[in-house]
Each structure stands twice: as structure tokens, then as C-alpha cells.
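One structure is given below, encoded as C-alpha cells.
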Amino acid sequence: MHSFPNDDPDALPQPVAEAFPVRWAAVPPAVLLLLAAMVFLSGANQAMFLDANQLLARAGSPAAWSAITLSGSVLGAMALLAPSLKTRPRLLASAFLAAPLAIVFSEGGKQAFDVMRPAGVLATESFNLIGQKLYVHSFPSGHATTAGLVAAAIVLVWPDPAGRLRAALVALPAAVLIILSRLAVGAHWPLDLLVGAAGGWACGAFGVWLSSRLRFWERPGGVRVMATIVLATSLSLLFIKLGYPDARLYQIGLGAWGIGGAAAALMRDREMPS
């Protein structure tokens, strides 16, 4: 949408400032923090973990939960979003801009609170454990932070309400599934996940807001840089171990998906003027 200053028909059109979806940015983290407060005050954090862990173990196989949880890693999320570079580069740009704040939130919280993970508190035979056994730095969950950040970016980058709602119907269930996978593999307490997702969504909202001001994603050079980063991180998925051997084939496929998406963006970029 454009406007003409001073109603002069000969004036160049000026872009109207994009309206930031404040409600969509504020309501999800507020709800998540309210739920976290309820869990904390009830003292049911450990009991909820045990119940959810056993229920989810019956609902899916170790390979399935391992694959889902890999999708919520930073490398996995970047690979999954790689094809968006060709059609909607602002999505990954928002995620990149949000990443420094998300790292400070997640890693800073882990160091500040130093909460033990379920494997460091409970007997191993008392719950279902999938993949690498982790003991420390539980709060907040990095996977939940990433899931919340990406979901916020997917939802909030849409300029129209109808598109935003359709995006939410896809992004929110996917984020919830990734968050639940951290309970299924026995890696996190419910409080870790609720607070992590809330912080991730807030960081993602900040990234979307910042992307409306730092518009490098509109230039071929900006897309080229992002695609190169995604290409490198997706290649790394083919070789590194992320602690979930049951999903090794999925991890390789995820890396190939990311490589293909990044390559498609780079090839399209070569056809565009700089």
C-alpha cells in the first residue's frame, strides 16, 4: 500500500509503515507464562513430566520422537526453512535477526538457573529416555525456544490477517509437537518448555519487527548470504552427531532438504540483478 504526500498526484508514492501484529506477538507468550506460573505454583512440575513422558512414549516410537526433536534443533529448523528463502526470504531473515537475543535468553538462563534435567534428578528406570542422556542446564529449553521463535516468525511475517491465520494453523501444531518431543525423549521438565517457548516467541516477534526496518532480505546479496549459511549448516547435518541415533536417516534427509532449499535460492539469486 502507498500514499501520496500532500495529495500531489505527481509525487512519488511513499510506502506506508507496516502495521505490526501486536496481539499476535503478545498473547501467545503471555498465555505460556501464565501456564508456567500455574505449574510452578502447583508444585506439579515433576509429576506432570512423569505422566506426559509415559503417555507420549506409548503414542510414538523412539525413532519418531527422535526425528521430531531433531527438527526443533537450531540446525534442523534452519534446514526445514531453507526452501522459504526462494519465496519468502523474510521468514529466515527474521529468525536470523532474532537469534542473538534467543541465544542470550536460552544460554543465559541455563547458566543463571543451572537446573538439573530429569536424568539428573530421577532414576533412569522411572521414565522413558530416548537418545543422549543429559543431566544439567535444563531451564529454559533451547529446543522450545527455537520452536517458539520459528513459529512466531512464520506467523508474524504474513502481512494479511487471513494468511497469518492459515500460517498459525500449520506453525502452532508443529511447534507444540516439537515441544512435546522434549518430554517424550525425557530431556526437559514442563516448566523448561513453557518458559522456553514463551521466550522464543518473544524473540521471534522482535526479529519480525526488526526485519521490517533492516530489509537486507529484499536484496539478492542478502538472500545469498542467508542461503550460504543455511547451505553450510545443512551440510553439517550429514556428518555431525546430535545424540539421536534412531533418527540418523532422518537427519541425513533433513540435511539434504536444507541443501536443496539453499541451492534453489542461490540459483534463483544468480538470475536476479544485484
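Some values worked out for this structure:
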quantity	calculated
Unique match (being in a helix (DSSP H, G or I), of a type in the set (A, V, I, L, M) and buried (at least 24 other Cβ atoms within 10 Å of the Cβ)) among ALA187, ALA197	ALA197
PHE239 within 30 Å of THR124 (Cβ to Cβ), surrounded by fewer than 17 Cβ atoms within 10 Å (Cβ to Cβ) and either free of Cβ contacts under 8 Å to residues at least 24 places away in the same chain or touching a Lys or Arg at 6+ places or on another chain (Cβ under 9 Å) (or both)	yes
Residue match in region 143-165 (condition: assigned to a helix (DSSP H, G or I), among the hydroxyl-bearing types (Ser, Thr, Tyr), under 21 Å from GLY199 (Cβ atoms) and touching a residue at least 60 places away in the same chain (Cβ under 8 Å))	yes
Check on ALA119, in a helix (DSSP H, G or I), within 13 Å of the chain's Cα centre (by Cα) and in contact (Cβ under 8 Å) with a residue 12 or more places away in the chain	no
Failed criterion for LEU194 (all others in (1) in contact with a helix residue (DSSP H, G or I) (Cβ under 9 Å, 6 or more places away or on another chain); (2) modelled with pLDDT under 95 hold)	(2)
Given (1) surrounded by 15 or more Cβ atoms within 10 Å (Cβ to Cβ); (2) within 21 Å of the chain's Cα centre (by Cα); (3) assigned to a helix (DSSP H, G or I); (4) not acidic (Asp, Glu), number of the condition LEU266 does not satisfy	(2)
Qualifying residue in region 128-139 (condition: touching a Phe, Trp or Tyr at 6+ places or on another chain (Cβ under 8 Å), surrounded by 13 or more Cβ atoms within 10 Å (Cβ to Cβ), of a type in the set (Gly, Ala, Ser) and assigned to a helix (DSSP H, G or I))	no
Flag if ALA93 is part of a helix (DSSP H, G or I), in contact with a Phe, Trp or Tyr (Cβ under 9 Å, 6 or more places away or on another chain) and surrounded by 13 or more Cβ atoms within 10 Å (Cβ to Cβ)	yes
Residue selected from region 99-118 under the condition small (Gly, Ala, Ser) and closer than 24 Å to ALA175 by Cβ, by the criterion surrounded by the fewest Cβ atoms within 10 Å (Cβ to Cβ)	GLY108
Selection from region 243-259 of residues that are under 19 Å from LEU134 (Cβ atoms) and part of a helix (DSSP H, G or I)	PRO245, ASP246, ALA247, ARG248, GLN251
Count - residues of region 92-125 that are charged (D, E, K, R) and at pLDDT 95 or above	3
Residues being outside any helix (DSSP H, G or I) and under 17 Å from SER138 (Cα atoms) - total across region 44-77	3
Residue in region 161-168 that is within 28 Å of ARG58 (Cα to Cα) and within 13 Å of the chain's Cα centre (by Cα) present	no
Within region 148-171, considering residues that are crowded, with 18+ Cβ neighbours inside 10 Å and of a type in the set (Val, Ile, Thr), the one farthest from SER94 (Cα to Cα)	VAL155
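The values are calculated or read from the model by the stated rules, or taken from the named source; none is laboratory data. Keep in mind that this is a model prediction, so the values were computed, not measured. Please note: Cβ atoms are built from the backbone with ideal geometry, for glycine as well, and neighbour counts cover all protein chains shown.
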